[in-house]
Amino acid sequence: MNISTDDWPSVDEASLSKSNKSIYCNRKKAVLMRISGSKYSAIQKVTGIARNSLIRLIERCESRDRYGVKVGFKGLIPYKRVKSYTKKSNKGYQGAFKKLIIDYPELKEHIEKLYLGKRVEGVKFRELSLTNIHRSFISLCKKLKLSDSEYPLCTKTKGRESLRQYCKNLSRHNIIDDTHNRVSIDIANDLRAFQDVSSSIEGVLPKSKRPFAIVQIDGHSEDVAFLLSTYNPYSGQALVIYRFWLILAIDVASKKILGYSFSLNSNYRLLDLIYCLINSLTGEELYTVHTDVIGSNLSSCIAFDLIALDNHMSHRSPQLIEKLSRATGATVRLNPGGRPKGNAVVERVFGTLRSKSSDILPSSLGSKHSSPKRCKPDKFARDNEITYEFIKELIEQSISEYNNKWHSSICMSPNNYIKEYSELNILPYRKIKTDAVYDLLNRRLKATIRGKTESQVRPPHINFKRAKYYPTNVELAYCYYGEKVNVIYNLLDLRTLKVYLSNGEELCDFVVENKWSKRHSYYDRELINKLLSTEEIELDAYDYVGSVLAHTKKLNQQKKNVVKKLKQSEIDRAQRTNINKPQKEKTKRTFTYPSFDIFDSL
């Protein structure tokens with residue numbers, strides 16, 4: 001016979017009872033004789049097993065279980081059931097429950113929804129107790145018009161025990177879903193990740209082990225006091241600021257830090273997240289001191305498969321999720337709040353970097369339980385001249401060391417891990433368009449071209465954030481008074497709006513009025529509008545932006561929150577708004593205190 005026993009699961013004969021072992025060995029001898037080519041008559045003479053029984057035994061061994069694995073020698077064990085019982089007559093109740101759910105598939109689907117808590121068309125069914133499931137099961141049986149003389153309504157317990165056994169088997173064969181709904185979501189995710197690794201085949205890496213497949217992004221505050229490179233003109237001292245934000249993008253497989261960004265604001269913005277994304281996708285340093293910190297040309301041509309974010313408010317922008325999916329082809333996943341294991345890799349990296357950067361500084365605030373004890377951080381920040389630029393350089397050096405250091409989880413450094421798998425040519429790289437990546441800086445809104453009313457006619461314009469924008473082609477815009485248009489603006493430069501008609505046709509660019517003509521970002525505009533509402537400011541009709549910032553410079557008591565935002569605006573000013581602008585050659589810079597006026601260099 002053309003049958004091989006190499007892939008047949010074996011049996012531990014020593015664990016069988018005497019009688020069962022005797023039967024099993026006799027059957028095994030008969031099957032092996034037949035496979036080796038012996039005749040049925042010779043086999044029956046030696047083992048006493050007839051031809052029909054031997055054929056049935058071989059078919060049992062060659063059959064497959066529910067997981068697709070051959071039964072093998074297990075099919076020769078006495079009283080071993082290799083397939084479930086199927087009811088063939090209407091007598092008795094044995095197999096009646098299985099026949100019921102085969103005849104009525106809606107019953108099977110309903111039980112699985114309730115017990116496993118599955119989602120169907122966006123609606124999640126609650127996981128219920130057996131009593132409630134049985135009550136709902138009986139109710140559905142009556143809706144299906146099963147009579148009181150039919151199973152299960154004709155029995156004393158109405159099929160409760162059979163339902164319990166069926167739910168028990170559901171739990172056994174759907175262990176991850178059952179754990180997700182009845183034990184812990186984090187434990188279920190760990191089981192799913194383990195299954196992803198163990199079920200991988202040779203030459204194909206699972207997503208959790210393939211570089212650039214899953215990327216986690218998150219932000220943490222660095223608890224350290226530092227000097228901001230802005231002097232208070234009245235006190236003559238640099239302002240001491242507490243805390244800033246560090247945003248990281250981590251590759252789950254290699255544990256490599258692909259990109260990062262810093263933020264001085266009280267909470268990091270959507271723009272800071274975009275900085276980190278552009279850094280990780282294109283491999284470009286946006287405002288780093290060293291040119292070799294990221295150092296990976298692979299990122300410039302690789303798109304991610306999955307981007308995992310937590311539930312931070314800057315991550316929930318529908319426009320960001322849509323643009324990110326379109327630019328990279330990646331799936332964006334928002335982890336529910338209160339479940340840090342969803343982004344466990346990046347959370348762990350933050351702890352590692354903090355222990356090598358902010359925690360070792362004498363100006364550490366010591367707000368974490370593992371941080372050194374706080375001891376006059378303001379004084380230490382001034383005495384040791386711990387500046388924002390110095391802390392940034394320290395963190396960047398820590399990131400560089402982290403990416404080149406040996407990791408016990410992967411038994412090599414992150415950079416070597418990526419290099420090793422790239423040389424095997426098994427990474428499914430996908431090209432990405434850098435223009436699409438920089439499109440993350442653009443936002444969209446709907447507006448109306450104003451200027452014409454029943455009593456007067458003024459030049460056509462668009463109102464946006466307390467500023468008026470006038471068209472570059474005035475004659476063309478005259479034809480579209482009152483027209484609803486689509487507007488695209490750049491977060492880093494609000495001086496120009498690109499305007500499109502509702503049918504997608506480009507109208508023309510709209511330029512902001514003269515008093516807003518100096519370059520400023522979306523967040524600058526929000527800050528200036530807020531200051532205009534709360535402070536008495538002498539405005540310059542030709543330099544609206546400069547007069548507001550000059551006023552904040554002369555305040556007797558500078559507000560730290562405002563100063564941090566102004567410093568962040570200065571950093572934003574150094575960023576490019578699209579990929580087509582020429583890059584300047586990067587050189588190592590010395591730490592100097594720049595002028596407070598962020599628009600002096602424009």
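Yes/no per residue for (1) of a type in the set (A, V, I, L, M); (2) at pLDDT 90 or above; (3) outside any helix (DSSP H, G or I); (4) closer than 30 Å to Cys411 by Cα:
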| position | (1), (2), (3), (4) |
| --- | --- |
| Lys431 | no, no, yes, yes |
| Val437 | yes, no, no, no |
| Lys446 | no, yes, yes, no |
| Gly451 | no, no, yes, no |
| Tyr469 | no, yes, yes, no |
| Cys479 | no, no, no, no |
| Leu494 | yes, no, yes, no |
| Lys518 | no, no, yes, no |
Item to complete: Give the residue, chosen from Asp103, Asp7, that is among the acidic types (Asp, Glu) and under 30 Å from Ile138 (Cα atoms).
Response: Asp103
Worksheet item: In the list Asp178, Asp148, Asp218, which residue meets the criterion of being of a type in the set (Asp, Glu), open to solvent by 50 Å² or more (accessible area, probe 1.4 Å) and either modelled with pLDDT of 75 or more or assigned to a loop (DSSP other than H, G, I, E, B) (or both)?
Response: Asp148
Fill in: Unmet requirement for Ile102, which otherwise passes all of (1) without any contact (Cβ under 8 Å) to a residue 24 or more places away in the chain; (2) under 30 Å from Asp177 (Cβ atoms); (3) part of a loop (DSSP other than H, G, I, E, B); (4) open to solvent by 60 Å² or more (accessible area, probe 1.4 Å)
(3)
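Per-residue answers, yes or no, for (1) at pLDDT 70 or above; (2) open to solvent by 50 Å² or more (accessible area, probe 1.4 Å); (3) within 21 Å of the chain's Cα centre (by Cα):
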| position | (1), (2), (3) |
| --- | --- |
| Ala344 | yes, no, yes |
| Glu347 | yes, yes, yes |
| Lys356 | yes, yes, no |
| Leu361 | yes, no, no |
| Asp383 | yes, yes, no |
| Thr387 | yes, no, no |
Item to complete: Filter segment 261-282 down to residues that are more than 14 Å from Ser314 (Cβ to Cβ), touching a Ser or Thr at 6+ places or on another chain (Cβ under 8 Å) and open to solvent by less than 10 Å² (accessible area, probe 1.4 Å), then give me how many there are.
Response: 3
Item to complete: Select from segment 1-49 the residues that are without any contact (Cβ under 8 Å) to a residue 40 or more places away in the chain, touching a Phe, Trp or Tyr at 6+ places or on another chain (Cβ under 8 Å) and loosely packed, with under 15 Cβ neighbours inside 10 Å and list them in ascending order.
Response: Glu13
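Within segment 524-535, can you find the residues that are surrounded by fewer than 20 Cβ atoms within 10 Å (Cβ to Cβ) and at pLDDT 65 or above?
If the condition is that a residue be surrounded by fewer than 20 Cβ atoms within 10 Å (Cβ to Cβ) and at pLDDT 65 or above, then Arg525, Glu526, Asn529, Lys530, Leu531, Leu532, Ser533, Thr534 are the ones that fit.
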Worksheet item: Out of segment 283-321, which residues are at pLDDT 50 or above, open to solvent by less than 20 Å² (accessible area, probe 1.4 Å) and not in a loop (DSSP other than H, G, I, E, B)?
Response: Ile307, Ala308, Leu309, Ser314, His315, Leu320
Practice prompt. Only residues in segment 467-490 that are closer than 19 Å to Ser521 by Cβ count as the first member; pair them with residues that are in a strand (DSSP E or B) and among the β-branched types (Val, Ile, Thr), Cβ under 7 angstrom, at least 6 apart or cross-chain, and list the lot.
Written response: Ala467/Val512; Tyr469/Ile462; Tyr469/Val511; Tyr469/Val512; Val487/Ile462; Val487/Val499
Worksheet item: Within segment 365-381, restricting attention to residues that are out of contact with any Lys or Arg (no Cβ under 7 Å at 6 or more places or on another chain) and among the small types (Gly, Ala, Ser), which residue is modelled with the highest pLDDT?
Response: Ala381
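The values are calculated or read from the model by the stated rules, or taken from the named source; none is laboratory data. Given the structure is predicted, the values throughout are model-derived calculations rather than measurements. Cβ coordinates were reconstructed from backbone atoms using ideal geometry, including for glycine residues, and neighbour counts include every protein chain displayed. These accessible areas exclude ligands, DNA and RNA; they are computed on the full protein's heavy atoms, side chains included. Shrake-Rupley method; radii C 1.70, N 1.55, O 1.52, S 1.80 Å.
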